[in-house]
Amino acid sequence: MLEAVDLVALQPYLVKRNEAKVAKGTLDLNLASEVRNKNLDGKGKVVLQDLEFAPARGYFDTFMGLPRNAVISFLKDNSNAIDVDFTLKGNTSNPNFSLNENLSTRIATAMAGQLGVSIKNVAEGLGTLGQKGVEGAGNVIDSVKHLFGGK
């Protein structure tokens, strides 16, 4: 469980080139999971609070693969927080299974659903949600692990 982690400090891991820069905000992450017979089953929640962006560089700026403007509009209508529940499932013995990819894709997809953004529209109009979401959220998890001595 992580509480009130500074998003600005995580920015090098969260924001990729050509994505909106974070000026302020915090991240809470709660994840409960277990592995039985090589099958991962978990539930989690991520909350982004008081998220503010640096001035836009262009109309098509994104954050974790989602349109920056959609994120800002959602924050205005929801007490300046994005609260996302997600699930993780997968067979850890499958060579294609990746915890970071699975987690980041689930978070990005759940955020898109919360924001009312069509995954199809994001993929067609702004780039691939899966790739940016995987890079963004996966890097957050990696950096959080690093902060707490994980590998």
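Throughout, read-outs are computed from the coordinates displayed, never taken from laboratory work. All of these numbers come straight from a predicted model, not from anything done at the bench. No Cβ is skipped: glycine too gets one built from the backbone with ideal geometry, and neighbour counts run over all protein chains shown.
Here are a few things to note about the model shown:
- Counted by neighbouring Cβ atoms within 10 Å, the residues 17, 106, 57, 36 run from fewest to most as 17, 36, 57, 106.
- Based on the Kirkwood approach, the hydrodynamic radius assigned to the range 1-112 is 15.0 Å, with every pair of different Cα atoms included.
- Looking at the range 1-67, the chymotrypsin sites (Phe, Trp or Tyr not before Pro) that sit in a DSSP loop and have at most 15 other Cβ atoms within 10 Å of their own Cβ are 59, 60.
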